[in-house]
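Please read the structure below before turning to the comments.
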Amino acid sequence: AGTACKNRPLDLVFIVDSSRSVRPEEFEKVKIFLSEMIDTLDVGERTTRVAVMNYASTVKVEFPLGTYFDKASMKEAVSRIEPLSAGTMTGLAIQTAMDEVFTEEMGTRPAALNIPKVVIVVTDGRPQDQAEDVAASARRAGIEIYAVGVDRADMQSLRIMASEPLDEHVFYVETYGVIEKLTSRFRETFCAVNVCALGTHGCQQVCVSNGASHLCDCYEGYTLNPDKRTCSAVDMCATGRHECDQICVSNNGSYVCDCYEGYILNPDKKTCSAMDMCAPGRHDCAQVCLSNDGSYSCGCYEGYTLNPDKKTCSAADVCAPGRHDCEQVCVRGDLFYTCDCHQGYTLNPDRKTCSRAITSSLVTTEESCKCEAIVALQDSVTSRLEALPLEEVSEKLQAYQDRQQIV
């Protein structure tokens, strides 16, 4: 009372014979047997894992232990299996199971978990290779072998292959039509007290039933502590554990990716791209922003200099020594400057250099007025002389000349 009868966790491999002696309708019966067996099992990633192999003169792994963890997917895969025909290489099939199926890469759980490795061979003939030696090697490797014979199967070969005790590991049915009767036998064989269902296991996260005992396990992203009961979060950001381009942030047994300042996380949530730090609103430069691979620096317009805060700008003294090319005088404007000269010099056409000014010898305004008066007097005198007789003109002209000399 109070116990749950549930099959113990297994790594279970079915090896089915599809040689020429197995007619197509009989092979369909085998597939029904496999589907019904799957229905009786507690199938799951942390409970019973199932693989199916198909063999004749060659061997085909239809699906390994790590492929399906739900009954519907397994049964669908079983329904698609096709017979191979020709030959009965049972030893080759068991050897392939050891080499290719019972490996951690293909879904077999680590030896430390003590999950039983079980093989169920279904055949109607006699092995055509050294099945005895291979089966012995498999048993030494810790693989439990059940042998199911149908119709013309060689019972001696079955007993040589199977694990001890033989009366619990060798089964026989007269035809494929009644092979389904074995389902209940295997159900009883694999039934065990489910210690994990009793609630007394003491596992912090996951309890894995193992016959009358149990083992503790942890959720993905956690690791079992030395006490074999409690779990600690794995550092998912340790080297080689994550796929982050720049920054890995551990998050309770998982992780998220982040980026350095100046970068933004891409839609794949793993890689990063540099942001345009000079986009409006992203920087605090007063005048000019210079983008630089995810960062930025500030600059100023021409005529301004960057202040010590590296953000704001002040108008530069364009007339400071070394900043202009005026020969004599620099006249500062708002942002620009013009050149001028000292007194006594004039600015050359290049608007930069100066030359000494030349003193003008032109007459003054007063002198100019005097000259104009003299000219007017001369014109008046000439007009009058022209109106007089020649003798009188000569006298007048002589008198005028005399006055001129006096002037």
Starting from the Cα gyration tensor of region 5-193, take the square roots of the eigenvalues, sort them a ≥ b ≥ c, and report rounded, prolate or oblate (rounded when a/c is under 1.5, otherwise prolate if a/b is larger than b/c, else oblate). rounded
Built amide H within the under 5 Å cut-off of HIS214, gap 5+: none
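Please give the contour-minus-distance gain from THR230 to VAL206: 0.36 nm per residue of separation, less the Cα-Cα distance, rounded to one decimal in nm. Provide the component values of the computation, followed by the final result.
Numbers: separation 24, 0.36 × 24 = 8.64 nm, distance 0.94 nm.
The span from THR230 to VAL206 would gain 7.7 nm if fully extended.
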Here Rg/Rh (Cα, Kirkwood) for region 276-316 equals 0.98
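Students often check this: by mean Cβ neighbours within 10 Å, which of 319-326, 78-85 ranks highest, and how do the rest follow?
78-85, 319-326
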What number comes out for accessible area per residue over the chain if the probe is 1.4 Å? Units Å², please. 58
Of ALA153, TYR219, ALA135, which is farthest on the positive side of the dipole of the chain, counting Cα position, with +1 on Lys and Arg Cβ, -1 on Asp and Glu Cβ, and the Cα centre as origin? ALA153
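How about region 269-342: which chymotrypsin sites (Phe, Trp or Tyr not before Pro) there are in a DSSP loop, with at most 15 other Cβ atoms within 10 Å of their Cβ? The partial results should precede the final answer.
Details: sites: TYR296, TYR301, TYR304, PHE336, TYR337; in loops: TYR301, PHE336.
Those satisfying the criteria are TYR301, PHE336.
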Take the alpha-carbon centre of region 100-119, take the same for region 318-351, and report the distance between them in whole Å. 92
What's the carbon and sulfur percent of the chain's accessible surface, probe 1.4 angstrom, rounded to a whole number? 50
Taking the alpha-carbon centroid of each part, what is the distance from region 17-64 to region 224-271 in angstrom? 40
Please determine, in degrees from 0 to 90 and to the nearest 10, the orientation of helix 365-387 with respect to the longest principal axis defined by the Cα atoms of the chain, where the helix direction is its Cα long axis. 50
To the nearest 500 deg cm²/dmol, what mean residue ellipticity at 222 nm is calculated for the chain from DSSP H runs of n ≥ 4 alone, each contributing -39,500 (n - 2.57), summed and divided by the residues? -8000 deg cm²/dmol
Charge dipole (region 1-141, unit charges on Cβ, about Cα centre) - positive-most of TYR68, THR47, GLY125: THR47
Just want the answer: with Cβ charges of +1 for Lys and Arg and -1 for Asp and Glu, which residue in TYR296, VAL256, CYS285 is farthest toward the dipole's positive end in region 199-320? VAL256
Amide H partners (placed H, <5 Å) of VAL13, local residues excluded: ALA51, VAL118, VAL119, ILE120
Which of [x] 190; [y] 363; [z] 142 gives volume of the Cα convex hull per residue in Å³ as computed here? It is [y]
Sequence-distant aspartates and glutamates (8 or more away, or on other chains) whose Cα lies within less than 14 Å of LYS29: ASP17, GLU82, ASP124, ASP151, GLU174, GLU180
Could you name the aspartates and glutamates in cross-link range of LYS181, using Cα to Cα under 13 Å and dropping any fewer than eight places away on the same chain? GLU36
Dipole magnitude (debye, nearest 20) for the chain, charges at Cβ of Lys, Arg, Asp, Glu: 1620
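Dipole of region 127-193, Cα-centred, from +1 at each Lys and Arg C-beta and -1 at each Asp and Glu C-beta, to the nearest 20 debye?
160
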Compute the signed sum of charges (Lys and Arg +1, Asp and Glu -1) over the other residues within less than 12 Å, Cβ to Cβ, of SER295. -2
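The values are calculated or read from the model by the stated rules, or taken from the named source; none is laboratory data. Predicted model only: the values in this text are computed from it and were never measured. Heads up, the Cβs are rebuilt from the backbone with ideal geometry, glycines too, and the neighbour counts pull from every protein chain shown. Only protein heavy atoms, including side chains, enter the accessible area calculation; ligands, DNA and RNA are left aside. Shrake-Rupley method; radii C 1.70, N 1.55, O 1.52, S 1.80 Å.
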